[in-house]
1. Tell me, please, whether a residue that is surrounded by 14 or more Cβ atoms within 10 Å (Cβ to Cβ), in contact with a strand residue (DSSP E or B) (Cβ under 7 Å, 6 or more places away or on another chain) and under 24 Å from Leu30 (Cβ atoms) can be found in the stretch 114-131.
2. Can you say whether Ala212 is at pLDDT below 75, touching a strand residue (DSSP E or B) at 6+ places or on another chain (Cβ under 9 Å), in the same structural domain as Ile287 (by TED's automatic domain parsing) and surrounded by fewer than 22 Cβ atoms within 10 Å (Cβ to Cβ), as far as the supplied structure shows?
3. Residue check: is Phe52 part of a loop (DSSP other than H, G, I, E, B), aromatic (Phe, Trp, Tyr) and either modelled with pLDDT of 95 or more or out of contact with any helix residue (DSSP H, G or I) (no Cβ under 9 Å at 6 or more places or on another chain) (or both)?
4. So if I check each of Leu99, Leu81, Leu116, which one is under 30 Å from Gly141 (Cβ atoms) and either in contact with a helix residue (DSSP H, G or I) (Cβ under 7 Å, 6 or more places away or on another chain) or assigned to a loop (DSSP other than H, G, I, E, B) (or both)?
5. Among the numbered criteria (1) under 28 Å from Thr154 (Cβ atoms); (2) buried (at least 20 other Cβ atoms within 10 Å of the Cβ), which one does Trp36 miss?
6. Against the definition (closer than 20 Å to Tyr70 by Cβ and at pLDDT below 95), how does Val150 come out, yes or no?
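The values are calculated or read from the model by the stated rules, or taken from the named source; none is laboratory data. Predicted model, so just to flag it, every value in this text is computed and none were measured. Heads up, the Cβs are rebuilt from the backbone with ideal geometry, glycines too, and the neighbour counts pull from every protein chain shown.
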Amino acid sequence: MTENGSIAFLNEQGRMAEAIRTFDWRGNPLGLPGDWPPALRIAVTTMLASKFPSAIIWGPERITLYNDAYRPILGHKPEALGRPFHVVWAEVWDFAGPLVEKAYNGEATFIEDYPLIIDRYGHREEVNFTFCHSPIRDEAGRITGILDTVIETTAKVRAEKRNQLLNSELAHRVRNLLTVIIVIIDQTFRTSATKDDAKEALSKRIMALAEAQEILSRSSWNAAPIDAVVRAALSPLRGSQEQISITGPALDLTARQALSLALAVNELATNAMKYGALSCASGTISITWAPGAPDSYEPFRFIWRELGGPPVVTPMRKGFGSRLIERALAGDFGGEVRMDYAPEGLRCELTAPMGNLRATPHGHNGHANGHS
């Protein structure tokens, strides 16, 4: 290598400045740094001083030089310094090669968030880059190299995709919820004897939906624990909680199942207060559920059982509440609902294959036992 004084342009601090100073350039197409042309010296000095990821591709052999900020982009690739650019980025050369040649022909290129499949850690990965290839001219105006400024935008692109997905999912859920509310409003006013009855029933149904929505929002809308859904649906019954027992293991429901179960429990509780076990001090309600093996055809059973109330009479017609319980609940669980109007007390049983549920435990004890 030539005398140190002739490579003063490499006095910049940093790992790559040191690497270029100590690199054995003998036999390399660029030759010794002391003999580099002024245009390359100026370009290298500027590149090394920059905090933006940058590389220089120089000469007909497309030899690579780069700065400290560019190093993370290379990952664990073999050392790129002094090697042809097409060797360094061989896996994407079908795309990058024509852009490099365009820059050598005088046409700069700017591309934003471009997706590429690269190998820098011993495996292929999908990444995104925003980059610009700019021609570098010598003192005679000839293009002798290019400047590659580049920044990885993989995290930004993935975050934008996640946000788009979340926004789409939110819009979908809002449409579904509004559809449910419209149906509830329509059916409530159709089947209620008076406006006051309709107002009361509608308020309770909307509140049951709101409680279920809050539970789902706390779990990012992925699933909701069944115990929390049941207790939220019963929360308006503050004066009757000692009459209700809730027993069952921890289990998660899908968003649709959580909403339909909340509405069904609210309907059952409302009927129990008007006509059933909660209409007198001696009545009791037992709410139990029992799952089978996760992701199997074994049945999940949810049972609402009333005892000690007035004698039960089978209704002459089914109102919206009954249809909601029997149809919506069965449909969202992909199972069957049976209503047994036995004189000693109403029994409502939902059965569905476990494969239709998300059976992920919540909590530490694995059970949700006790009074409401």
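1. yes
2. Judged against the criteria, Ala212 is not a match.
3. yes
4. Leu81
5. All conditions pass for Trp36, except number (1).
6. Against the criterion (closer than 20 Å to Tyr70 by Cβ and at pLDDT below 95), Val150 does not qualify.
Let's see how each residue does on (1) hydrophobic (A, V, I, L, M, F, W, C); (2) part of a helix (DSSP H, G or I); (3) in contact (Cβ under 8 Å) with a residue 40 or more places away in the chain:
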site: Trp93; (1), (2), (3): yes, yes, no
site: Ala103; (1), (2), (3): yes, yes, yes
site: Gly122; (1), (2), (3): no, no, yes
site: Thr130; (1), (2), (3): no, no, no
site: Gly141; (1), (2), (3): no, no, no
site: Thr144; (1), (2), (3): no, no, yes
site: Leu147; (1), (2), (3): yes, no, yes
site: Ile151; (1), (2), (3): yes, no, yes
site: Asn163; (1), (2), (3): no, yes, no
